[in-house]
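Visitor: Dumping the structure here so I can ask a few things about it.
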Amino acid sequence: MSAEGGEECVTRYLLSYPLGPRTPAYRDNPPVQVRRQRAMDQGDPFDQSWVAAITHSGTHMDCPRHFNPNGMAVSQLTAAQMVFEAVVLAELLTGEDGLITADRLEPLAEQLDGADLLLLRTGFGVVRRADPHRYGWHNPGFDESAGEFFLRFPTLRAVGLDTPSASAAQHLEAGLAFHQKVLGTHRPGAQPFFILEDVDLTRCRGRIDRVYVVPLLIEDVDSSPCTILAEVDLLARATPASGRRV
């Protein structure tokens, strides 16, 4: 998108972390492994690598198949389902092992009316680099009541947060109940819901106008690492905000 004279009027930035052996693991999930299969410095004509990772490594997208055997698999996503244009960026600071309940989310209700994506900054993302073990074993997460809260909003299609999982590592049963509520067989209607985990929200401030979520389209799997790209319309920033973002 360009303004008159060809000047760029959109800024873009990544909300994904690079995937590699240093990617923090959630609880006892296996680490990411990368090894070279061909190497130019060993006489091969090109470089080529093996990558081994579970589908919930790093920044990733949980699809309904994760908790519903009949739910949408990641390879079944349409292009339209990868684009979010009514984004709420909110901050709800939550410390280690904390549970995010419906009561804590209730102040966001007015903003979520008509939204299709909630990006929730807990503040725990700063722990990712400083203490990867703590990040993977003591993250905050949602409880079941948070799932019930999100289902109140018919346009809401996804929630993302700056923790390795939406399940608090030390409150696994509560987190599993949350996942089942929004992804599983308890979800009413046909519209699928998605969870974005390990999202880089450390640089996000102000409004986000558009988000693209592009997962690795592996056939018949429940979830996948993904690239998340945020867009901010600079011209829109010059006009009064709608009040949707915080």
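What follows draws every value from the coordinates through simple rules; no lab data is involved. As the structure is a prediction and not an experimental result, all values here were calculated from the model. Methodologically, a virtual Cβ is constructed for each residue, glycine included, from the backbone with ideal geometry; neighbour enumeration extends over all protein chains shown.
Visitor: Using 0.36 nm times the number of residues separating residue 110 and residue 42, minus their current alpha carbon distance, what extension gain do you get?
Guide: Values: separation 68, 0.36 × 68 = 24.48 nm, distance 5.95 nm.
Here the answer is 18.5 nm.
Visitor: If you don't mind, another one. Within 10 Å of each candidate Cβ there may be at most 14 other Cβ atoms; applying that plus a DSSP loop requirement, which GluC sites (Glu not before Pro) in the range 76-166 survive?
Guide: Those that pass, being in a loop and sparsely packed, are 85.
Visitor: Give me the log10 of I(q) over I(0) for the range 4-56 at q = 0.22 Å⁻¹, as the Debye formula computes it from C-alpha points; what are the numbers?
Guide: These q points yield log10 I(q)/I(0) values of -0.88.
Visitor: For the chain, what does -39500 (n - 2.57) per DSSP helix run (n ≥ 4), summed and divided by total residues, give at 222 nm, in deg cm²/dmol to the nearest 500?
Guide: Numbers: 7 runs with 41 residues, N = 246.
Mean residue ellipticity at 222 nm (helix-derived): -3500 deg cm²/dmol.
Visitor: Computed from the mean reciprocal separation of all distinct C-alpha pairs, what Kirkwood hydrodynamic radius does the range 28-168 have, in Å?
Guide: 17.4 Å
Visitor: Within a 10 angstrom radius of the beta carbon, how do 72, 40, 82, 61 rank from fewest other beta carbons to most?
Guide: With the fewest neighbours first, 72, 40, 82, 61 line up as 40, 82, 72, 61.
Visitor: Pop the C-beta distance of residue 172 and residue 233 into the FRET formula with R0 = 51 Å and round what comes out to the nearest 0.05.
Guide: So the FRET efficiency works out to roughly 0.80.
Visitor: To the nearest µm²/s, what D does Stokes-Einstein give for the chain at 25 °C and 0.890 mPa s, using the Kirkwood radius over alpha carbon pairs as Rh?
Guide: Values: Rh = 18.8 Å.
The Stokes-Einstein estimate is 131 µm²/s.
Visitor: How far apart, in nanometres, would the label points at residue 91 and residue 27 be if each is projected 7 angstrom from Cα along the Cα-to-Cβ direction?
Guide: 3.1 nm
Visitor: Please list the non-local residues whose amide H lies under 5 Å from the amide H of residue 168, H modeled 1.01 Å from N, same-chain partners needing a gap of 5 or more.
Guide: 141, 142, 175
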